[in-house]
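The values are calculated or read from the model by the stated rules, or taken from the named source; none is laboratory data. Bear in mind that the values here come from a model prediction, so they are computed numbers and not experimental data. For neighbour counting, all protein chains shown are included, and Cβ atoms are generated from backbone atoms with ideal geometry for every residue, glycine included.
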Amino acid sequence: MRKRKLQVFVSSTYTDLIDDRLAAIEAILAAGHIPAAMEQFTPGDETAWEKIRRWIDESDCYMLILGGRYGSLEPSSGKSYVHLEYEYALDQKKPYFSLLMEDSAFKKRLKARGTDVDEREYPANYKQFKSQVKQRHCGFWADRKDIRNAILQKLPEWSQRDDLLGWIRGNEAIDPQVTNELARLSRENNELRSKVSASEERFGGLTFDEMSALLRQDKIDLSRFSQVGLQIEEVLAYGGIRPSDLNPTVLCSFIKNAGDVFEYFHDYLSVYTLQFDRLSPAISHPQLDMGSALIGSLVSPGLLSVQQVQHTALYTLSADGRRYRNRLLTVADPQTRRSVFWRVDA
């Protein structure tokens, strides 16, 4: 029995699962099959739902990755596109498999990334959809490794089914270099679409690109400070700075502008509140502590909110700050952002 190269429709919410979708796409390519995903759609005369249905029709099988979000609503049905894709694929009797995020993994992700991974607009719809998926055979996932393993286990089974047409002849092997190139192009396509989408939204009156440029231009000089301060040490450690690097001299290589400050601060501030005693030496004598300078670089553009409670200042991400963070997370992985994104025109 010959093995077939299948087209697999990948369905999931987008902004909260970008890296997970990419892992699925790369696993499908590595297995020698063809992914069909929203990243590859191009503008045309069809409505979004018409195009999605056509792609599902043309695909051999369907895969659902469900995290903690319900997704954007399709106007006429009031259901999310992901929900409609799932129901339509089942109605068309497409071979399918569904992966639901484990509750423990979701709690960890919620703590690390904040409410952008949680369904806050349509919780009842999400609960009903998740229950609907659970009623049929499904698997569970905690990280990208689980997604890859599920794909690499399921696709070999499907590729031998005679009732699936497939796209590539069974005696044609896919060149690994082609597979890697397709994966790279998919990643770049993903990042470019995210940047285009982000540039249309405004943060304190600025586009994503304008806000990013403003943060890059706000240079930070840490050499004038004598110490870091315990509160800032906690934030930076949460952001990935090693304890051995928590001194002003070494931090100069990590933090050069306000963009770097936001990069190392946003995960902490998406979960916790940063508290300063306004009567402490750290605030009244900023030359002794870098905290006020770093915080100020994010308050000025409106990314942080400050609340005064007696003699204490409480700093949290503002509404604009949270939305900017959500967009920033779609640009690239943290290491790439730190080494490339915040160094553009630096």
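Structural remarks
- Here the strands (runs of 3 or more DSSP E) wholly within region 1-98 that include at least 2 residues being crowded, with 21+ Cβ neighbours inside 10 Å and at pLDDT 90 or above are 7-11, 61-66.
- Applying the criterion of being under 19 Å from I220 (Cβ atoms) and among the hydroxyl-bearing types (S, T, Y) to the residues of region 295-329, the residue that is nearest to the chain's Cα centre (by Cα) is Y324.
- Within region 122-160, if we keep just the residues that are farther than 15 Å from Y62 by Cα and in a loop (DSSP other than H, G, I, E, B), the residue that is modelled with the lowest pLDDT turns out to be Q160.
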